[in-house]
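A.B. asks: Have a look at the structure that comes next, please.
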Amino acid sequence: MYTMKGFRLLVLLLSIAPSASGHGDPQDAPLRISLSPPSWSTCPFACAECVIPASHQLLCANLTLPLDWARPDLPARINFHLSAFRLVDPSTREGSVWLLEGGPGGDGFEMLPAVSAWLPGMPTLDLILPDHRGTGFSDRLLCQESGLDIMICVNRTIAERGPDYLPNFNPTSAALDVVHAIAANAGPGEWAGVYGVSYGTKWTNRYLQIAPSQPSVVVLDGICASNLCRIQSYDQDLDSVGRDLFRMCEQDRECNRYLNGRFATRLAEDVFNALDDSTLRCNNEWHPSLDRASLGIVLTGMLSSWPRRVLVVPLLLRLARCSTTDKRELEHLLGRLTIPVVHSPMSHVTLPPAAVLREVGPSSTTVDFWSEPLPEMGSNFLGYNILFSEMFVPYWREEPYSDHQLAEQAAAQMFTTNRSLMLTQLQRVWPKYKPDQYTAKVASVPPGLPLIALNGDLDQATSYAWAVNYSLTVNKQLLTFKQAVHATALGGHTPVRQPGAMDCAAQIAVKFFNTRGAAPVLSLSLIHISEPTRLLSISYAVFCLKKKKKKQVSN
């Protein structure tokens, strides 16, 4: 479903779709150093949430790589950390799938619980999760300061490490890390596949610019297109998706019947206007109370999860009506809700439930998805370094938005991270690295490389229009998951799944890797007729079914 605004954006993107970089069949850049195979051993952490079948075991390894790949002969080195579900019996190993995490600023091993669900369907493959340089155990860039105060830490790092240190923490260096790690890890006859998610799709694009013939199969999930994906317009894109949700409610009989003829968009506008002029009665009874920004953050958290986004309109309806029952239900909901906040600038962690109506600093953030002792090891520092250097200015502008323009946008937004102004002010003073020959270009994908793109058309983090543009640019298949949120294959992100089965997108990714792209994706039938405005108990089902073979008719 497209709004007119979304349709115009899609038309604009299609009209500017670039040709993939390069001419003819792309060639791999030569390896710059020779590495010994990684030595796998027990990890420095446990993963209580991981469900690991007897066929696999959780192991980790470290590689010592050049800090500066342009000058690999220099003595400066960094650690490159790998977490992996390795096959217990190496004789059954046919290859490995490398999973590149998003952010930028996310560490690899935070995906371990989600992708452990893939293991029963991958009996001959290792799953390997590298920590992007600057995160996790890969020489993490760490600052205790937050907001604009992070510049204290940045300047201290430059003073201690020198001006040439931070420029090496970029997607090109991270891609070269992966190229050399894959080459070092592969045993005789083994092949490698790559799964990139969110910013990890940009990381994968950079990898394909450097070594397009190294992988045997690629899956991209939540497309952060290198030529389009920008952070300063994040809240604009987010708000547009939220308003699409309101319009879907208006067109869904089950959702709309509770509104008594009111439009969901108008209901939301009335609630926000009442907040602005302090006339929202229900809110005035709470301490501390909500304001436009804090309610926008709450709605953003709900929009980012399929089970919670169905509660967006009911929350607004109860805020507007404010009966005794409404107040009781609101206190119950807000007391249990965890709100995503930007941890790495384009990914989310959650605040504790008690923080729903108040601001909590970064040092208080917790991750409700993991069980201790799996550590939280992302890096805002690394994320900012990449975002401000090559992922900031919206693709349709030559200059960033001004503070005044951002304030005008914020005054009209109902879904927000409330960080655009702070990020803009920080970007102005950040020591940005210079773009290289790969920046903002789309890799030429070899025609024979099996590659599929996965994206929800209600993705709140990476625009569906970006995915369409990318698919047309590289001439590869895009699988659209109707009304799905971000990162479709990482568990729980498509609306409904069959009991005991992986999500539809995860099934497709696993099948694609298992067959090295040989089995047609269309042998699976995607049936998506669910409404994102309905609770699961009254929603139509969304299944991923095998197509039945047609019976042969004999004469």
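A.B. asks: Determine if the range 256-278 includes at least one residue that is surrounded by 14 or more Cβ atoms within 10 Å (Cβ to Cβ), under 21 Å from Glu331 (Cβ atoms) and at pLDDT below 80.
C.D. replies: For the range 256-278, residues surrounded by 14 or more Cβ atoms within 10 Å (Cβ to Cβ), under 21 Å from Glu331 (Cβ atoms) and at pLDDT below 80: absent.
A.B. asks: Right, here's the next one. Do we have Ser91 as surrounded by fewer than 16 Cβ atoms within 10 Å (Cβ to Cβ) and at pLDDT below 95 here?
C.D. replies: Against the criterion (surrounded by fewer than 16 Cβ atoms within 10 Å (Cβ to Cβ) and at pLDDT below 95), Ser91 does not qualify.
A.B. asks: In the range 212-243, what residues are under 28 Å from Glu398 (Cα atoms), crowded, with 22+ Cβ neighbours inside 10 Å and either of a type in the set (Phe, Trp, Tyr) or over 20 Å from the mean Cα position of the chain (by Cα) (or both)?
C.D. replies: Passing the criteria: only Tyr234.
A.B. asks: Which residue out of Cys47, Cys60 is at pLDDT 95 or above and either of a type outside the set (A, V, I, L, M) or part of a strand (DSSP E or B) (or both)?
C.D. replies: None of the others qualify; the one that does is Cys60.
A.B. asks: Any residue in the range 96-109 that is closer than 24 Å to Asn380 by Cβ and assigned to a helix (DSSP H, G or I)?
C.D. replies: The answer is yes, given that some residue of the range 96-109 is closer than 24 Å to Asn380 by Cβ and assigned to a helix (DSSP H, G or I).
A.B. asks: Considering only residues that are farther than 24 Å from Gly108 by Cα and basic (Lys, Arg), which ones fall in the range 131-174?
C.D. replies: Arg156, Arg161
A.B. asks: Which one of these is part of a loop (DSSP other than H, G, I, E, B) and free of Cβ contacts under 8 Å to residues at least 60 places away in the same chain: Arg262, Arg230?
C.D. replies: Arg262
A.B. asks: Next question. Please verify whether the range 254-271 includes one or more residues that are in contact with a Ser or Thr (Cβ under 8 Å, 6 or more places away or on another chain) and among the acidic types (Asp, Glu).
C.D. replies: yes
A.B. asks: Right, something else. Quick check on this structure: which one of Pro113, Pro75, Pro37 is open to solvent by 10 Å² or more (accessible area, probe 1.4 Å) and without any contact (Cβ under 8 Å) to a residue 12 or more places away in the chain?
C.D. replies: Just one listed residue meets the conditions, Pro75.
A.B. asks: Follow-up question, since we're still on this one. Give the residues of the range 275-319 that are touching a residue at least 12 places away in the same chain (Cβ under 8 Å), part of a loop (DSSP other than H, G, I, E, B) and of a type in the set (Ser, Thr, Tyr), sorted by residue number.
C.D. replies: Ser289, Ser304, Ser305 - these are the residues of the range 275-319 that are touching a residue at least 12 places away in the same chain (Cβ under 8 Å), part of a loop (DSSP other than H, G, I, E, B) and of a type in the set (Ser, Thr, Tyr).
A.B. asks: Also, quick follow-up: Considering only the range 213-225, I want to know if a residue exists there that is over 23 Å from Ala518 (Cα atoms) and either among the basic types (Lys, Arg) or in a helix (DSSP H, G or I) (or both).
C.D. replies: No, every residue in the range 213-225 fails to be over 23 Å from Ala518 (Cα atoms) and either among the basic types (Lys, Arg) or in a helix (DSSP H, G or I) (or both).
The values are calculated or read from the model by the stated rules, or taken from the named source; none is laboratory data. Bear in mind that the values here come from a model prediction, so they are computed numbers and not experimental data. Cβ: placed from backbone, ideal geometry, glycine included. Neighbour counts: every protein chain shown. All accessible areas refer to the heavy atoms of the entire protein, side chains included, with ligands and DNA or RNA removed. Shrake-Rupley method; radii C 1.70, N 1.55, O 1.52, S 1.80 Å.
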